[in-house]
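In what follows, a structure is listed as structure tokens, so that the remarks can point back to it.
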Amino acid sequence: MRFKLTDERRAYMIAAVQAHFSNEFDDDFGELKAGLILDFFVKNLGPPLYNQAIRDAHGFIQEKLVDLEGDFYEPEERR
């Protein structure tokens, strides 16, 4: 799965990268350099973070499914 940012999200993130480097490192650079930095992080951090989120969501759902029977199970009368 390849991550594709919308044009709007990409523009916002490029501006955020520029602002961060300007504020934290007193380093101003253009959109091209900020875009390359963003591409690097999306490519290298995107998949592991996405996969971790999927694992976390899976664990959460599994936990809720286990609790489902205990929380909602209604004993049946046997005749």
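One table, with the values for the structure above:
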| quantity | calculated |
| --- | --- |
| So ASP67, is it of a type in the set (Asp, Glu), assigned to a helix (DSSP H, G or I), modelled with pLDDT of 95 or more and more than 28 Å from SER22 (Cα to Cα) | no |
| Selection within region 28-43 - modelled with pLDDT under 95 and exposed (fewer than 12 other Cβ atoms within 10 Å of the Cβ) | ASP28, LYS43 |
| Region 4-27, residues that are surrounded by 11 or more Cβ atoms within 10 Å (Cβ to Cβ) and either of a type in the set (A, V, I, L, M, F, W, C) or not in a helix (DSSP H, G or I) (or both) | LEU5, ALA11, MET13, ILE14, ALA15, ALA16, VAL17, ALA19, PHE21, ASP27 |
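The values are calculated or read from the model by the stated rules, or taken from the named source; none is laboratory data. Predicted model, so just to flag it, every value in this text is computed and none were measured. Cβ coordinates were reconstructed from backbone atoms using ideal geometry, including for glycine residues, and neighbour counts include every protein chain displayed.
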